[in-house]
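Report on one structure; see the data block that follows.
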Amino acid sequence: MNLHPLIIHLPLGTLLLAVLFQYLSDINRYHGLKPALPWLFGTGAVTAVLSCASGWWLASGGEYDADTLFWHRWLGILTALAATGCVFFPRKSLSALMALALVCAGHYGGTLTHGSNYLTPKPATEMKRPADPGLADIYRDIVSVILSEKCVSCHGSGKQKGGLRLDSHAGILRGGDSGAVILSGQPEQSELIRRCKLPEGHEEHMPPKGKPALTAAEIEILEWWVSQGAPVNLNMQEASPAPAIRKLVDQWSNNNGEKAPETVIIPDENPAAASPALISRLKRAGASVTPVSSTSNWQRVSLVNLPQPADSVFILLKELSPQLLTLDLGRCSIPASSYGLLNSFTQLRILSLAGTNITDAQMSAVSSMEQLRVLNLSGTGVTAAGLQTLNSLTNLRTVYLDRTGIRLADCPVLPGTRFDSGGYMLPALASDTARLTGAEK
Ligand code: HEC
């Protein structure tokens, strides 16, 4: 177990407090603090020694930048020695030296874990996606941007997990501890591609659990680059990729670092206002209707208080369809006859059908929602076959499939669309005595 990041905070707090008390205790009013000093320095020294030991052990994993590690290690040891000294010889000069070593060791520690720019974090998207993908250099403007967004935090100058650096072309070619990670021209034989394509729960999946995964489009772009021989200094025009690849790259570059699709929803154009009479009829029927912002005519509707909505509600919603931007039907039992009406909701950006009675047979109801960005099908009876109807939805970004039993591997490959199956289960440890399985959850 790696205790270093936990223990390290104990000497940090205690020792700085000890130094503060030491200076304060010179002032008459605070003279009473003096007896606490040996205790504070003592606790600080013991925990500092423990930090050194746990740190030494962690560093033996050997995935850190050597120079930074050198300074962090020896400044940490100096801190522990000086703190021990302060217990017996509480000189101010010694404690000042200790405090300085402590702060510097902390700084190098921060650099080790968070990278050299951790004080002024620049989002990884500082590496801009290309404005004109048609002329983009495939490695410099596309591949390295994808890797810097999703991989370089662990495979860059700060950390080299698995002995691998992905922040330069040479680093990629050099490979990692287990050898080459790409075989030029053979994406299916390339470790880098293989790991990204593993199911998200797999322990070798890259990036590891909890980090934003590559989108299907990004994986396809990387595969294509490897299949072209992983070139450096080749631009899109010279490579003249197949139209499908060109389209993926266009979409990817337009989607400039867009993170949560749920947040970029309100379209620029404002529709004509819905009639107030229509809105009040919907409200009287039990729907919650709210404008998405105070200056917008777009509406957000939820039937959360209407578990058994009647057909008439969907007929009213159809009238509101030019303004209907997000719709939450979560846990409603939707009348079979109303599914056909959903087809008229062509402006809809977010639709939740979580826990509703929808099955594959009704999935065609969403197939004409051309603007749809987010679709929640969690806890429904929809199967992988039903997802085929989503092929036509080119704007779709995220589909939630929690508790449907659908495996990501069975989802259709839709460029730009991410399927999220939830099921965020921790791997079982040998020491676990009880283990939840999916079915018991
Ligand atoms: C949160 C940190 C983290 C991120 C982000 C991350 N990796 Fe890794 N990667 C690791 C660790 C840890 C290992 C070593 C353990 C292992 O082999 O699974 C590793 C190993 C690898 C290896 C095997 C290297 C070898 O030779 O053994 C490859 C290939 C790889 N990563 C590719 C990627 C790619 C591609 C991305 C971005 C899509 C990525 N990683 C993002 C942590 C990360």
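The values are calculated or read from the model by the stated rules, or taken from the named source; none is laboratory data. Because the structure is a prediction, the values reported are computed rather than measured. Positions of Cβ are generated from backbone atoms using ideal geometry, with glycine treated the same way; all protein chains shown enter the neighbour counts.
Scanning region 149-166 for residues that are crowded, with 19+ Cβ neighbours inside 10 Å and over 19 Å from the mean Cα position of the chain (by Cα) returns Gly158, Gln160, Leu164, Arg165. A single member of Glu238, Glu220, Glu204 is more than 10 Å from the ligand (Cβ to nearest atom), within 30 Å of Ala409 (Cα to Cα) and not in a strand (DSSP E or B), and it is Glu220. Here Arg300 does not qualify as within 28 Å of Arg418 (Cα to Cα), in the same structural domain as Thr398 (by TED's automatic domain parsing), in contact (Cβ under 8 Å) with a residue 60 or more places away in the chain and out of contact with any Gly (no Cβ under 9 Å at 6 or more places or on another chain). Go through region 219-245 and give me each residue that's buried (at least 16 other Cβ atoms within 10 Å of the Cβ) and without any contact (Cβ under 8 Å) to a residue 40 or more places away in the chain. Of everything in region 219-245, those that are buried (at least 16 other Cβ atoms within 10 Å of the Cβ) and without any contact (Cβ under 8 Å) to a residue 40 or more places away in the chain turn out to be Ile219, Glu223, Trp224, Pro241, Ile245. If we keep just the residues of region 166-188 that are within 10 Å of the ligand (Cβ to nearest atom) and part of a loop (DSSP other than H, G, I, E, B), which is nearest to Gln228 (Cα to Cα)? Here the answer is Ile182. Taking Gly185, is it modelled with pLDDT of 90 or more, in contact with a Ser or Thr (Cβ under 9 Å, 6 or more places away or on another chain) and loosely packed, with under 14 Cβ neighbours inside 10 Å? When the stated conditions are applied, Gly185 passes them. Does region 347-355 contain any residue that is in a loop (DSSP other than H, G, I, E, B), out of contact with any strand residue (DSSP E or B) (no Cβ under 6 Å at 6 or more places or on another chain) and surrounded by fewer than 17 Cβ atoms within 10 Å (Cβ to Cβ)? No, region 347-355 contains no residue that is in a loop (DSSP other than H, G, I, E, B), out of contact with any strand residue (DSSP E or B) (no Cβ under 6 Å at 6 or more places or on another chain) and surrounded by fewer than 17 Cβ atoms within 10 Å (Cβ to Cβ). Within region 243-299, restricting attention to residues that are in a loop (DSSP other than H, G, I, E, B) and in contact with a strand residue (DSSP E or B) (Cβ under 6 Å, 6 or more places away or on another chain), the residue that is modelled with the lowest pLDDT is Val292.
Among the candidates Gly55, Gly109, Gly61, Gly115, the residue that is within 28 Å of the chain's Cα centre (by Cα), of a type in the set (Gly, Ala, Ser) and at positive phi is uniquely Gly115.
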